Amino acid sequence: MGLPLESAKHEDGERVYTIALRSTYPDIPGIRNLSNAATFVGSEGWVSVSYSRVATNPASLVDSVIGPNEIHLQQSDSHQLSWIECVKTRKDPVSPVESAVRSNVIPHLSDICIRTGHRVRWDPVKETIVGDQEARRMMSRPMRKPWRLS
C-alpha cells in the first residue's frame, strides 16, 4: 500500500512531521480523482458517487435509467435517521456496519504506515497485513481487564 496523497501530522516530542500518503488501488480510470466516494463497478463501466458529484465511465452511464426490475440502492438523507428507523423496523440500515469497517481500513493502515515508516500490503480476504509482523501487531492491542473476547 503506498497511501491517498494527503497530509497527516505526527507529533514526536517537540517536532511535528507532515507526511504525504498515497494509496494504490486496481487501475480503474478516473476513480483516483474522487475522494470520499462510493464506487460501483459493473460489466458496462463504473459509477462513482461522492457527497458533491457523480462520475461515470463511460460518461453516457450518467444518463442511464434504472429499470424497475434492476437493482436499486436505498435512498437516505440521513444515516442517523436510517439507523433509528432500522432499530424500529429491524430492517438493514442504509449504511451497514460492514461498509463502515471497510471504509476505516485505509485510515488505520495509513496510521500504521506513519508509525512504522513501512509500506504495508493488505490482504482484504484474510483482513490482515501481509509480510510485516511489526505492522501486523499494531492492528490490535491487549484489552484492559476485566474485558476480554472469548
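Here the simple spin-label model places points 7 Å from the Cα toward Cβ, and for D77 and A100 these points are separated by 2.2 nm. Using the average count of surrounding beta-carbon atoms within 10 Å as a protection proxy, the listed peptides 86-99, 105-118 rank, highest first, as 105-118, 86-99.
Throughout, read-outs are computed from the coordinates displayed, never taken from laboratory work. If you're wondering where the values come from, they're calculated on a predicted model, not measured in any experiment. Don't worry about glycine lacking a Cβ; one is built from the backbone with ideal geometry, like all the others, and counts go over all protein chains shown.
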